[in-house]
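To start, the structure under review is shown below, and the notes come after it.
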Amino acid sequence: MFVAAFALALMTASPDALMTPRVLAKARSEVSAPVRDAAFARAGVRVLSRHFERVYLLEAKSMRAAKLAEASLRSSRLFDYVERDVVTKREPAYRPDDALYSQLWHLENIAAEAAWDTAQGDASVIIAIIDSGVQTTHPDLQAKIVAPYDAIRDQDGAEPDPGVESAHGTACAGIAAAATSNNEGIAGICPKCRLMPIKLVGQGGWAATSADVRAFEHAWKNGAAVISNSWGPRTPQAVSAALEDAINEATVSGRGGKGAVVVFAAGNGYRENGAAELPSLASVIAVGASLPDDTRADYSNFGPFVPLYAPAASHTTDPPGIQGFAPGSYTTSFGGTSAAAPVVAGIAGVLLAMNPALKPVQVKAVLIATADKVQASVAAYDATGRSATYGYGRVNMQRAVEAVRDGHVCQPSAGGEACGNGVDDDCNGLVDALDPPCAPTCNTSGDCASDKICDVPHHRCVPKVAPGSSVGAACASSQQCGAQAFCLSDAPDGYCTLSCSATAPCPVGAGCFPYGAVGATVCLQRCRFNPDCREGYACAPQNDTDSACLPACAEDSACGDGRACSEGRCVDAPPGIEDAAAPHNGSAVDVSFQTRGCRCGNADASALWLVVIALIRARSRSRACS
């Protein structure tokens, strides 16, 4: 069933996001197992797997059933979050570099050779490379491989798929920890560290949120001390709650409770990263790219949530032949923030080998404190040592090693971040209002400025990160709608919304109205006139006092056989709404209408969306499709 539904989604959904009939839900800590299981039963889902004690991967019988299950679980208030398991297009943070570098210039820039006189890592330190897979038989890597894993297929092994883009993971692995003194190829940043290849990005760059969760869980449970990531969404979007949980679990539970260091490439979007994006999580180290002259690469993302820069190392390991970037086993044309992230991951591995008691925030603090203030004449470093475009500077491996050797390590305050004192009290590189504990508080997005949304679990206002961040905006996946929001995929071009109730009101400009066969309520954009709504939507009355933006029609012919356009909405003519309420074979936007060969009715998906709302308001009973 799922294979067929997924195939149709692949043909018809957004080019960057595909819906699945799966749901990820995190049960609240106080919810008992019987109550939780009863909620699953009411929602009509089965448990596929459990992660971090309270996170469940669930599967519904169809795409439509998954949407209704999501609404049911949200409305139960028994879960910290509920979100669809969306398959998204991943983009390696790789940027080709046509200049041929005959030497490993990045090692000189970070003073690696001087650092190696003091420390070179240790085989007990494992660096996980979550990427497109790694060629485990490469002569500079094969002796270092441990616990390879394919998170896409949930099986052992991490060999890359055929194709140049799959060479990406092999290149990242070589930068972090290629073998040294073996008369072969190049030298990795952490010469004695081992490597754990984890395949997350397959052909075309597609991967599901559940695969993200499995990747991080495999990494820390199998001993990874550092987890390097040179990938991210193709477009700016808020991080999935389940993925954030997985990363935070790794940084807390990894290394026997000391926590694994998680590194992310900042991205190559020529832009400032938003607070709600993946590399901006306080628990990770985001890394921008620098060039041989220590200038920030113009393509590198930047901003207050990118604390460090590292050389975009170009010379690294490569699968031989047409599968790699170059004909041989090495390439001189790698680059981008993809190449910068494993530089920092390798340094982190060396530091943890020197002092295994270091916490992730302490490793981050050491790297920040010892970074070189490059391009000081143009970077404008402030009193805290931070620049808007260069962060705290370019990493210096020698200085970092010396700081750990001499015990010059930040000690996090027992009281956490003290807001307003201009000091990084918790050693995470974020000061005062930039640190989540000190960010402006909120309960709904209505508490935030118009350009921000509310990150409800953390009660903080964060910038909107993509079109579709507000109620009623277009969307292809829930991740485009902002924290705690989700996408009604059967509305034309998608419709961003939030669950709501009397105690959880909608943001300013939206109202709380019934939706779906489970009787859940969601936020719909309020309006007075049709021009208040986006193209393709009309202002339709919801009750005696409120109207909301809903899919529009201009004439009867737009509504299909047996339906008519009334006040901008498609309705039955005459009102025989029972037939319209059954599952349909309509629009390809939501493939749930073609599951198990069930084909009833003839209205399109947008019309169904309207009719279901009308049914709930009219307290009518729909007919099941047999």
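Some points to look at:
- Convex hull volume per residue for the range 108-157, taking Cα atoms only, in Å³: 117 Å³
- Between Asp406 and Arg534, full extension at 0.36 nm per residue minus the direct alpha carbon distance yields a gain of 40.0 nm.
- Solvent-accessible surface of the range 268-415, averaged per residue with a 1.4 angstrom probe and all protein chains in place: 32 square angstrom.
- Between the amide H of Gly391 and those of Gly303, distances stay under 5 Å, these residues lying 5 or more places away or on another chain, with hydrogens modeled in the peptide plane.
- Pairs of alpha carbons in the range 210-296 whose separation is greater than 17 Å (percent): 48 percent
- What a 1.4 Å probe finds exposed on the range 142-292 is 47% carbon and sulfur by accessible area, rounded to a whole percent.
- Pairs from the list Lys221/Lys364; Lys199/Lys373; Lys258/Lys364 with a Cα-Cα gap above 24 Å: Lys199/Lys373.
- The percentage of C-alpha pairs in the range 328-410 whose separation is greater than 19 Å is 45%.
- Rg(Cα)/(2.2 N^0.38 Å) for the range 240-382, N = residue count: 1.11
- Counting heavy atoms of the protein chains alone, Asp424 has an accessible area of about 40 Å² for a 1.4 Å probe.
- Sorted largest first, extent of the range 129-240 alpha carbons per principal axis (Å): 43, 30, 25
- Positive-pole candidate from Ala400, Thr331, Pro360, dipole of the range 292-428, charges at beta carbon: Thr331
The values are calculated or read from the model by the stated rules, or taken from the named source; none is laboratory data. From a predicted model like this one, the values you see are computed outputs, not experimental measurements. Virtual Cβ from ideal backbone geometry, glycine too; neighbours counted across all protein chains shown. With ligands, DNA and RNA removed, areas are computed over all heavy atoms of the protein, side chains included. Shrake-Rupley method; radii C 1.70, N 1.55, O 1.52, S 1.80 Å.
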